[in-house]
Amino acid sequence: MRTDYTEVFRDPDAVNKYAEEVYAEGSFSSVVSARQEQWLRGFVAQAFATPPVQHDFACGTGRAMRMLDGVVAAAHGYDTSEAMLDKARDLGTPGRLHVVSETGPLPTSDERPAVVTMFRLLLNASEPVRDRALDFAAGMLPDTAAGLLICENHGSASSLRHLRALFGRTDPEWFAELRHSDVVGLLGRHGFEVVARQGFTMLTRGCYERAPLSWVAPGLDDLVSRRRWLARYATDVVYIARRRRPRRVRPRQPVL
């Protein structure tokens with residue numbers, strides 16, 4: 001796994017490749033993204049009585065902000081890469097875009113309700129970056145009533161994708177996995193509890209790109225991947241979390 005992941009996307013060429021090749025029309029990533037958008041818009045509309053304010057951490061090219069355009073009251077995107085934010089503007093991303101530093105104080109907001117989104121971050125980020133991301137979420141969602149955190153694991157270790165590691169068919173520099181327990185543990189350390197998870201693809205990129213499976217993979221995946229009970233086996237999983245309620249400590253009864 002690369003340790004300079006955040007540095008890579010400060011290069012405009014890498015940003016353009018990410019936006020124009022990884023998310024090219026009809027690509028594996030674009031198909032999964034379309035499923036995410038359909039689900040995310042419906043979920044946010046139902047989960048909040050009034051439209052929330054979106055805070056998208058590591059917003060990159062603004063994909064998650066564009067997903068929720070018209071569903072949220074306002075949107076803010078935060079990233080350390082000026083090149084990513086420039087691309088987000090080029091793509092017409094709605095809302096306000098903010099450059100954040102890798103260290104130091106994190107932005108906060110009192111606007112409620114709020115939804116914090118984190119897509120394509122946790123899997124490849126280092127532990128300090130993951131912790132900083134969750135510190136951001138905790139600051140934006142200081143209590144249970146503040147709103148929800150929606151974050152993605154796009155490389156679940158309990159999916160078919162794991163077979164690539166078992167059979168050595170990986171690029172060690174780029175291949176990474178996260179277990180369900182890893183995500184739950186990370187969220188728990190920062191005061192969050194998982195309330196639901198949703199899968200968006202049971203298959204892998206290779207299934208979409210290699211004939212003859214590529215002919216049926218998108219349709220088949222569309223039928224099975226959204227079954228919530230199958231989320232534990234999905235390659236791409238989105239977690240919905242909220243801040244834990246403080247435990248109520250019962251006063252000790254006096255001994256008579």
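Of note:
- At a probe radius of 1.4 angstrom, the accessible area of the chain per residue rounds to 52 square angstrom.
- The accessible area of Asp222, taken with all protein chains in place and a 1.4 Å probe, comes to roughly 60 Å².
- Here the chain has 53 percent of its accessible surface on carbon and sulfur atoms, given a 1.4 Å probe and all protein chains in place.
- On Cα atoms only, tilt of 28-47 relative to the major axis of the chain in degrees: 30
- Most fluctuating residue given options Thr235, Thr103, Thr117, as computed from a GNM of the chain linking Cα atoms under 10 Å: Thr103
- Built from the Cα atoms of segment 35-170, the convex hull projects on average onto 9.4 nm², one quarter of its surface area.
- GNM flexibility winner over the chain from Pro94, Pro51, Pro128 (Cα, springs under 10 Å): Pro128
- Our analysis of the chain gives Rg over Rh at 0.99, with the two radii drawn from alpha carbon positions and Rh computed by the Kirkwood formula.
- A P(r) calculated from all alpha carbon pairs of segment 3-96, with 10 Å bins opening at zero, reads 16, 45, 32, 7, 0 percent.
- With all protein chains in place and ligands, DNA and RNA left out, the 1.4 Å accessible area ranks His55, His98, His180 as His180, His98, His55, largest first.
- Order of exposure, largest accessible area first, which applies to Ser126, Ser30 with probe 1.4 Å: Ser126, Ser30
- Cubic angstrom per residue, convex hull over Cα atoms of segment 14-58: 84
- Computed [θ] at 222 nm, helices only, for the chain once each DSSP H run of length n ≥ 4 contributes -39500 (n - 2.57): -9500 deg cm²/dmol
The values are calculated or read from the model by the stated rules, or taken from the named source; none is laboratory data. Keep in mind that what you see is a predicted model, and the values were worked out from it rather than measured. SASA here: full protein model, heavy atoms, side chains in, ligands and nucleic acids out. Shrake-Rupley method; radii C 1.70, N 1.55, O 1.52, S 1.80 Å.
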